[in-house]
Amino acid sequence: MLCPAMMTDQPPPPLEVTPMLAEVSLVPHMLNGDGMQQMILVQVNPGETFTIRTEDGQIRCIAGPAHVPMVSPNGTMPPIFVPPGYMSQVVEENGMRKVVVLPHAAEFHPSMSMPPHHVSPYLPHHPAMLHHHHIYPGELPPHFIPQLPPPQVYSEQDVVCHSGAMPPRDERAAKMQEQLRRRVKDRQLGAAVASSVRISQSPSPPVALHNGHSKGHAAPAASPGPCKPKPAFRSRASPPSDAESPDAEAEMRMLELLSSVRKPTVCSVASRSAVLSWQQPLPPLKNGDAPPPAAPLPLRYELALSHSGSEGNFTPVYLGKDTSCTVQDLRPATDYHARVCVSCGSVQGSPSEVTSFTTESAAPDAPAPPWLMQRTKNSLCLQWKAPSDNGSKIMGYLLEYDEGKHSAFKEIYSGPAKQYKVLRLTPSTKYAFRIAAKNTVGVSLFSECLTCSTAGCAPAAPAPPRLAGAGVSWLALEWSAPCGPTAELTYTYTLEMEEEGSGYGFKAKHNGDELSCTVKNLRRSASYRFRVLAANSEGRSQPSAAVEFSTCPDRPSPAGRPTVKGRVLPNSLHVAWDAPKDDGGSEIMQYVLEMCQSQSGSQWEAVYSGPLREHVCDRLDPGTWYSLRVYCQSVGGQSQLSDSLSAQTDPVPPGPCQGLRLAGRAKPREIPLTWGPPAQDGGAPVSQYAVEMGQSAEGPRSPLYQGTETDCTASDLLPGHSYCFWVKAANQAGWGTLSEVCEASTAPGPPEQCGPPELTVKTANSVLASWEAPACNGAEVSEFRLEWGAAEGSMALTYCGPSPSYEVRGLVPATAYYCRVKAVNVAGAGLFGDVAMVTTSPSVPAAVRLVEEVGEENLSEILPGPASSCLALRWEEPCCHGAEITGYNIDFGEQLPLSVGRTNSWVLENLQPDSTYRVRVQAVNCVGAGPFSAALKAKTRPLPPDPPALECAVPGPQSLKLKWGEGPSRPQLSGATQYCLHMQASADRLVCIYSGPCHTFKVQRLSEATLYHFSIQAHNDAGVGPLSPLYSFSTTRLPPPQLKAPRVELLDWNQYEVTWEALQPMRGDPIVYTLQLLRGREVEQLYKGSTASYTWSGVASGSDWRMRVSAGRQCQDGGELWGQHSPSAALPTPGPPETLQGEPGATAGSGAHPRKSGALTDEQFALLLLLGFATVAILFAVVIQYFVIK
């Protein structure tokens, strides 16, 4: 089914104010099922939504970017009606005709990829547009109208009007008008079945952008309200009308109106902002026509800026309905170019002309903080870098400091230098500096502050250290910074310690800038002396006064582990312990004994506290484990806990067990039992249980179970019988009493185990299995279950039914199979019987797989013949089906197949070159021949190419351009014929100088007038062809180089001396020269000879007389080879002689000038040609602009 579809931009304009969104007509033959299929490929751009209704009535919304293919079952090409701003294009690719619906600005290529797999073909977006002959947007369910945020305002595909590759306005408008005329003509040719489509959606609010970046978050778009269908619509049987033509003309007029917007006007310009405004486009008025009524159109304006020229990339900075915009965040003293583009719904006009403006200059940027280069006690040398001047040259810098008082800043320097030395400062004092730049516009912001200090002197002796805390092996000390003028600097402190009685004196224990230190690893109850020293970059102070501190005593070591003294009684324990090995330097004051129950997890409780080392614990529970531990206390603190002692009182036998009962449903031969432990375990854990069983309560009993578990199962019982059970518990003190009696009965059982089935081989693919019914065990057998498989451990259920036999079909020949069977009745399924095995009879081999052609490079042996008449084949050996494969038959188009031995490869010989063969292979065993494999189409190689004829296209003195064959000079595809050009290096050796697909090659770095020999060879996929015979080509002689301009000196008023540079003979050939006189366009040869100078007598009657010289090479064969002429040199103008003023060659008066010749020089003639060509080009451009474009 073909779904008519349209694409809309987000958000779409309302239909009430955009009449160009007309009804979409459906052609009847687009919906029938006749003819071949047609595919419609719809391109959805980013920010657009494509909405369709499928065959099952569901609505699908597809968000761009995506390419949506839709199939039409009709055989004819249906007319496609598209919305304004889009066009339809028919493309044929791979034999399939596609109708592409895409915007005017987009281009479709046949190699366009299909939708990517990671993009879901149907996404739940809002239904922007629906097109169906009986479905309206008002019928949409509520969950298809969600709250959606406005689409992204700018992207590479959305902002089409500001792209750099857009055609000119007039050319684009002409193309769009031509496309609209074609669409109107197509609409008038087809029969239309119309359905009304109305879309109502609130337009998104304008988004103000500054310099290409958003300055806020856009509010989410309002939820679209329910759409109402149009009150009137055309019926299906109505004849075609011309209603679509006015819509297309209205769309074309709207496009012309939007494209007539004028360029924006710059209202005001500042250094970092500018205010631009523009006018709403107005329709053109003809003579005598009244202006149309003012109907508000939903116009949206898009302003774009570029700072890289009018032809550079434009960046959108505003999108909205206002006709003015303030652009912020501009750069000072920068040229900007602006243009505006107007859109109405999905119709978008061409951009306006470009308006240029330049922002004003501004104050410089804030400079970086200065840095310190050198310091002394009374001076600081600072340096800084120049910041950005923002269009105005920096005139100077302003340096301020806080005078070392951390107060307000004061100016210390103002000037153009980038370095300054601050003098008359206080030693050992911190100063803060900041710098600012100024130009003709103003002063910049101040930089960040630089804090540095001047040099000072050594610090004074600090105060003695103080005790902050003391421990057994550590002392925490602290001290203060020394007083004096250097108190604000950073100091390094050294703490020294002297141990009492050591005799080593003071030793350093700490060195750092901290005012505290903790000395560790000291002896307990010992005295130590301490002093501190301060140091800075200027020196080290005297040590402070020594003070003495002592460490604290240590706590005692743990007491001995408690032990049981005497016999353990059921209700008391007598324990004793030893004193600690180390008392920590002080006397033990008391011992504390703690006790807890080991198994109950109770907390430790103190049961004794005193100086004695033994105690009797009474009022204990019999048969209970207790844990005991002890610790001692002294002046040094409390010791660690000793190791705990675990002791148990004597237990008693347990009481009777509780709750002997069934653990579940009784089985035919089993009764599961369970019970609970005794309420009184006698002070010892229950070690085991014993269960007794009897036929009756008064009858004899037999032991059933003895173990540690609280459940057991009575097995090997008779189905439907009653039994009595008792249980008792035991611990280390002995067995307890029996529990109360429990009576239970067994249930009916499933059938007995079946015997192995009897298997009979019917054919190579079927086996008949039969079996006998087992004992039913009280219930009639209802069905049998047969399991069958190719392995004994992987059998599957094959048959389930009441029949005692079953024939298994579809088996593999010569394969072993296993099976087993079991019986089922109302009580359940019996056990499977023994496994039976059978082997099917052998058959013909299976079809050969993977027949392929083997390349010559993959063969282990050389082909028996040329590659153009051989084909190497390879295949995999198929399944033999129980009989060993004896050979293969190869069918390659001959009358009889070729029979080969048992091998998986073969080479076909004596084939026709460059021919295609259809190859099939079948396997053969003792049973017969198997089926043929799938046909393989293989082609033999063609014969190697012959060498082409070689000729010299362009000879030169040091190069030869060779040409061969007929073809282009540029390289072709990799499959073309390759050529290898050889040059003879010696009498018996050729060197390859070129290899490639080209038909020409230029040999460089050759000697002049030398004969060279060449040979060429061609090769392609068929192989390498033979070498051609040797071709001989000779290089030409090298002409002399161009000389410099000759030097002309005036010897007398009518005599000139001309000199030029001399050249050395070339390879033994002498050099001759020719001197020519240029009089305008006339050339006269004055001299030809081997000397490098010439004296000419004559009078230059014009200022355009010049001389030039050229060198020639006299070859040994009698010919001459001339080089290029040198640049010409002008003749000096002689003064008129006094004695010959009346002669014809002299001028009459002293103030007269010589008469210029009427002929034009080369430069003047070239200038006239250039002016003529320029005039003709301008005339042609004006004619094309006026007659073709407009």
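How would you rank 453-462, 440-449, highest first, on the average number of other Cβ atoms within 10 Å across their residues?
Numbers: 453-462: 19.1, 440-449: 15.8.
Put in order of decreasing packing, that is 453-462, 440-449.
Computed over the Cα atoms, what is the radius of gyration of the stretch 573-630 divided by 2.2 N^0.38 Å, N being its residue count? Working shown, then result.
On the way: Rg = 13.2 Å, N = 58, 2.2 N^0.38 = 10.3 Å.
Here the Cα radius of gyration is 1.28 times the empirical estimate.
Determine the gain in length on full extension of the stretch GLN984-ASN511; use 0.36 nm per residue of separation and subtract their C-alpha separation, reporting nm with one decimal. It would help to have the intermediate numbers written out before the result.
Numbers: separation 473, 0.36 × 473 = 170.28 nm, distance 8.59 nm.
Extra length from GLN984 to ASN511 when fully extended: 161.7 nm.
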Per residue accessible area of the stretch 836-981, 1.4 Å probe, in Å²: 57
Virtual spin-label span in nm between GLU698 and ILE1178, 7 Å along Cα→Cβ: 14.5
Rg/Rh for the stretch 634-773, where both radii come from Cα atoms and Rh is the Kirkwood radius: 1.39
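Mind checking the dipole of the stretch 581-737: about its Cα centre, +1 per Lys or Arg Cβ, -1 per Asp or Glu Cβ, Debye to the nearest 20?
Details: 10 positive and 17 negative charges, 150 e Å.
Taking the Cα centre of the stretch 581-737 as origin, the dipole is about 720 debye.
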Selected from TYR631, SER598, HIS615, residue furthest toward positive end of dipole (the stretch 594-638; charges at beta carbon): TYR631
Carbon plus sulfur fraction of accessible area for the stretch 492-567, probe 1.4 Å, in percent: 42
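Can you bin the stretch 596-666 into rounded, prolate or oblate? Criterion: square roots of the alpha carbon gyration tensor eigenvalues sorted a ≥ b ≥ c, rounded for a/c under 1.5, prolate for a/b above b/c, oblate for the rest.
Working: a/c = 4.90, a/b = 2.73, b/c = 1.80.
Prolate, because a/c is 1.5 or more and a/b exceeds b/c.
So which of LYS939/LYS963; LYS667/LYS822; LYS509/LYS581 end up more than 24 Å apart by C-alpha? Numbers along the way, then the final one.
Values: LYS939/LYS963 33 Å; LYS667/LYS822 19 Å; LYS509/LYS581 33 Å.
Long pairs (Cα-Cα over 24 Å): LYS939/LYS963; LYS509/LYS581.
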Rounded percent of accessible protein surface that carbon and sulfur make up, the stretch 583-649, 1.4 Å probe: 43
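Over all directions, the average projected area of the alpha-carbon convex hull for the stretch 822-934 comes to how many nm²?
The orientation-averaged projected area of the Cα hull of the stretch 822-934 comes to 11.8 nm².
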Chain lengthening between GLN1114 and ALA790 when straightened (0.36 nm per residue, less Cα-Cα): 106.5 nm
Reachable aspartates and glutamates, given that their alpha-carbon falls under 18 Å from the alpha-carbon of LYS410 and they are not under 8 places away in the same chain: GLU400, ASP402, GLU448
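Over the stretch 783-830, give the accessible area per residue in Å² for a 1.4 Å probe, as an integer. All intermediate terms of the calculation are to be shown ahead of the outcome.
On the way: 2220 Å² over 48 residues.
For the stretch 783-830, the per-residue accessible area is 46 Å².
Report, in debye and to the nearest 20, how large the dipole of the stretch 311-370 comes out about its Cα centre when Lys and Arg carry +1 and Asp and Glu carry -1 on their Cβ.
On the way: 3 positive and 7 negative charges, 41 e Å.
Its charge dipole is roughly 200 debye.
Tell me the Kirkwood hydrodynamic radius of the stretch 868-1010 in angstroms, computed as one over the mean inverse distance between distinct C-alpha pairs. Could the numbers behind the result be given before it?
Numbers: mean 1/r = 0.0502 Å⁻¹.
Value: 19.9 Å, from the Cα pair sum.
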Spatially proximal aspartates and glutamates relative to LYS728 (Cα-Cα < 20 Å; intrachain offsets below 8 disregarded): ASP681, GLU692, GLU698, GLU709, ASP711, GLU740, GLU743
Extreme residue, positive dipole direction of the stretch 753-811, given options PHE784, PRO756, THR798 (C-beta unit charges): THR798
Evaluated over the stretch 337-414, the Cα radius of gyration and Dmax, each in Å: 24.4, 77
With every protein chain in place, the stretch 347-488: carbon and sulfur % of accessible area (1.4 Å): 52
Residue-span extension gain [GLN374 to PHE1165] - 0.36 nm each, minus C-alpha spacing: 277.6 nm
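Given an 8 Å cut-off on Cα distances and at least 6 residues of separation, report the relative contact order of the stretch 469-593 as a percent.
Details: 225 pairs, mean separation 28.2, N = 125.
Computed over the stretch 469-593, the figure is 23 percent.
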Pairwise label distance in nanometres, ALA270 with ARG523, each label 7 Å out on the Cα-Cβ vector: 8.1
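Quick one: if the Förster radius is 35 Å, what FRET efficiency do HIS307 and LYS1002 give, using the C-beta to C-beta distance and rounding to 0.05? Mind dumping the intermediate values first?
Numbers: r = 48 Å, r/R0 = 1.37.
E(calc), rounded to 0.05, equals 0.15.
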Heavy-atom surface of the stretch 276-419, accessible at 1.4 Å and reported per residue (Å²): 52
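The values are calculated or read from the model by the stated rules, or taken from the named source; none is laboratory data. Just so it is clear, the structure is predicted and the values come from calculations on it, not from any experiment. With ideal geometry, Cβ positions are generated from the backbone for all residues, glycine too; neighbour counts draw on all protein chains shown. Surface areas here come from the heavy atoms of the whole protein model, side chains and all, with no ligands, DNA or RNA. Shrake-Rupley method; radii C 1.70, N 1.55, O 1.52, S 1.80 Å.
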